[in-house]
1. Per residue of the range 103-108, in order, report the coupling 6.51 cos²θ - 1.76 cosθ + 1.60 (Karplus, θ = phi - 60°) as ³J(HN,Hα) in whole Hz, putting x for Gly and Pro.
2. Give me the distance in nm between label points sitting 7 Å out from Cα along the Cα-to-Cβ direction at residue 177 and residue 26, one decimal.
3. Taking 0.36 nm per residue of separation and subtracting the Cα-Cα distance, what length does fully extending residue 49 through residue 117 add?
4. Could you calculate the FRET efficiency of residue 170 with residue 144 from 1/(1 + (r/R0)^6), where r is the beta carbon distance between them and R0 is 30 Å, rounded to 0.05?
Amino acid sequence: MEIIQHNYRKYLKMVDIAKCFKGVEDFITSSAKNKRWEKLWNIIKECEKINFFELNIETLIGRCVRGELEVCEKLGLNNEQLKKLVENPYVVNFSFIMVDIFIKEFLDLILITSYLEPLNTITRYSISSESKQSEKELLDDAVENQDKIMSFLEVKVQVVKNLIENNEFVENLNQLYEILGSG
């Protein structure tokens, strides 16, 4: 996460994305006493505002398609792959929409896992009344927000189910693989 946010900030000048990744990094590396649902939710809301789709097209494929050959080279695309991408704009757009969805889903799942992980340890080994105050506060926070947590996870499960059951999604991934894999 540190490298990703550093690269977005320094090389691509995309401060909003860098802040999103920095927030995720700070949350997952913070101690259990600093992991609260409200903080997690604020990070998710900030990252959700970012349109990775538009930024990726503008910074990568869009620049490559417009003839900036050094960008194409950095992407590892040869002329044949580039030609196929230009001929298949629907597949390109589809791939970036999926990237946008997957990045956000991935970040959300990292955050929720980071939030829930200490709860597993606390409830398994610290049931005694002598639990640390910070562990008790984390448990209280989870209990207080359990409906929100469950609603959040239900949405994530539904997104994954929809993607798995979507034939168009699988067909477009195969077509994208054929275009980019033929190099």
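1. Listing the rounded values in order: 4, 5, 5, 4, 4, 4 Hz.
2. If labels sit at residue 177 and residue 26, their model points lie 3.9 nm apart.
3. Gain on stretching residue 49 to residue 117: 21.9 nm.
4. That pair, residue 170 with residue 144, gives E of 0.15.
Any read-out appearing in this document is the output of simple, stated calculations on the displayed coordinates, not a laboratory observation. Quick caveat, the model's predicted, so the values are computed rather than measured. Note: ideal-geometry Cβ built from the backbone for every residue, glycine included; neighbour counts use all protein chains shown.
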